[in-house]
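Engineer: One structure coming up, written as structure tokens, with questions to follow.
The values are calculated or read from the model by the stated rules, or taken from the named source; none is laboratory data. Source: prediction; values computed, not measured. Every residue, glycine as well, gets a Cβ built from its backbone with ideal geometry; the counts of neighbours run over all protein chains shown. The accessibility values were calculated without ligands, DNA or RNA, using every heavy atom of the protein model including side chains. Shrake-Rupley method; radii C 1.70, N 1.55, O 1.52, S 1.80 Å.
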Amino acid sequence: MQKGLIPHLGQGLQKYDTSDNEAQDSKNTIKIFESEIWPRIEKYVSSKSKILDVGCGNGRYSSFLSKHCSEVVAIDAFRDINPEHDKENVRFVRTTLQDFVEQDFDVVFMFGVFYLQESWGTYESFKAVLDRLKPGGIFVTADEKWRDQRSALSKHLQVGCYNFGELCVHNQSRVLEDFVQANDVHRITVIQK
């Protein structure tokens, strides 16, 4: 574990089956993503989009997204991408968001990862996401629904929680869409820079 990480936050929501190909939790599979989340967010991705997948884990979302865009840059600080998910237009980099310097992405995608950014500071990490985007770019994030608490400032919330409404105001960005997936597990928030 890297110095400075908040230990009880862990290394993400994704736990994989023995083949390291799919999620152990049946509520968190690519099939569920494709049926419950993708129909609501696909309008933010075009065949020309360049996507940054932060905390890509085994790369299954990178692989899925690669079918709908021109390039996916998949980054993860804790593990390498599963070779099965390594596609021609997917480039993997072993790094953190904070150490990754490339910019000008159309979309930044985080699934079950934003809450971990608190180890580097919630406000600083949100700004780092926006800094990776082109003007007007889109940040799509999904975390357990209870983590985005709009009732208080992020700095006053328990560890692992945040307030996207406040973070957007603080960074001159805006929430375009916010919904809880049909199986009632994740809150998906779409933010425009």
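Engineer: Please go through region 136-157 and give me each residue that is open to solvent by 20 Å² or more (accessible area, probe 1.4 Å) and among the acidic types (D, E), ordered by number. Can you show your working first?
Structural biologist: We begin by selecting, within region 136-157, every residue open to solvent by 20 Å² or more (accessible area, probe 1.4 Å); these are 136, 144-147, 149-153, 155-157.
Correct list: E144 only.
Engineer: On the basis of being among the hydrophobic types (A, V, I, L, M, F, W, C) and farther than 22 Å from L130 by Cβ, does F78 make the cut? Show your work before the answer.
Structural biologist: Working: among the hydrophobic types (A, V, I, L, M, F, W, C): yes; farther than 22 Å from L130 by Cβ: yes.
Judged against the criteria, F78 is a match.
Engineer: Still on this structure, I have one more. Please count how many residues of region 86-145 are under 26 Å from V180 (Cα atoms) and among the polar types (S, T, N, Q).
Structural biologist: Counting residues in region 86-145 that are under 26 Å from V180 (Cα atoms) and among the polar types (S, T, N, Q) gives 5.
Engineer: Filter region 179-189 down to the residues that are open to solvent by 40 Å² or more (accessible area, probe 1.4 Å) and either of a type in the set (F, W, Y) or farther than 16 Å from M110 by Cβ (or both) and list them by number.
Structural biologist: Listed by number, the residues that qualify are V180, A182, D184.
Engineer: Please enumerate the residues belonging to region 42-63 that are in a strand (DSSP E or B) and in contact with a Cys (Cβ under 8 Å, 6 or more places away or on another chain). Full working, then the answer.
Structural biologist: The initial filter retains those residues of region 42-63 that are in a strand (DSSP E or B), namely 50-54.
Correct list: K50, I51.
Engineer: Considering only residues that are basic (K, R) and closer than 15 Å to F109 by Cα, look in region 126-149 and name the one that is farthest from the chain's Cα centre (by Cα). Give the derivation first.
Structural biologist: Here is the first cut: in region 126-149, the ones basic (K, R) are 127, 132, 134, 145, 147.
When the remaining residues are screened for being closer than 15 Å to F109 by Cα, the result is 127, 132, 134.
Details: K127: 14, R132: 13, K134: 17 Å.
Of everything passing the filter in region 126-149, K134 is farthest from the chain's Cα centre (by Cα).
Engineer: Right, Q192: closer than 15 Å to V108 by Cα and either open to solvent by 30 Å² or more (accessible area, probe 1.4 Å) or of a type outside the set (D, E) (or both) or not?
Structural biologist: Numbers: closer than 15 Å to V108 by Cα: yes; either open to solvent by 30 Å² or more (accessible area, probe 1.4 Å) or of a type outside the set (D, E) (or both): yes.
Against the criterion (closer than 15 Å to V108 by Cα and either open to solvent by 30 Å² or more (accessible area, probe 1.4 Å) or of a type outside the set (D, E) (or both)), Q192 qualifies.
Engineer: Another question, then. With respect to F179, is the statement that it is of a type in the set (F, W, Y) and closer than 23 Å to G57 by Cα true? Before the answer, list the steps.
Structural biologist: Numbers: of a type in the set (F, W, Y): yes; closer than 23 Å to G57 by Cα: no.
No: the conditions fail for F179.
Engineer: Select, from L176, L133, L167, the only residue that is open to solvent by 50 Å² or more (accessible area, probe 1.4 Å), touching a Phe, Trp or Tyr at 6+ places or on another chain (Cβ under 9 Å), under 27 Å from V72 (Cα atoms) and touching a residue at least 12 places away in the same chain (Cβ under 8 Å). Please lay out each step first, then the result.
Structural biologist: Working: L133 fails: open to solvent by 50 Å² or more (accessible area, probe 1.4 Å); L167 fails: open to solvent by 50 Å² or more (accessible area, probe 1.4 Å).
One residue alone meets the criteria, L176.
Engineer: Scan E102, E34 and give me the residue that is surrounded by fewer than 21 Cβ atoms within 10 Å (Cβ to Cβ), touching a residue at least 24 places away in the same chain (Cβ under 8 Å) and farther than 17 Å from F139 by Cα.
Structural biologist: On the way: E102 fails: farther than 17 Å from F139 by Cα.
None of the others qualify; the one that does is E34.
Engineer: In region 57-94, which residues are of a type outside the set (D, E, K, R), modelled with pLDDT under 95 and open to solvent by 10 Å² or more (accessible area, probe 1.4 Å)?
Structural biologist: A77, F78, I81, N82, P83, H85
Engineer: Here's another thing I want to ask about it. Among the residues that make up region 76-87, is at least one of them of a type in the set (V, I, T) and farther than 22 Å from S173 by Cβ?
Structural biologist: yes
Engineer: If V159 satisfies all but one of (1) modelled with pLDDT under 95; (2) among the β-branched types (V, I, T); (3) not in a loop (DSSP other than H, G, I, E, B), what's the number of the condition it fails?
Structural biologist: Result: V159 passes all but (3).
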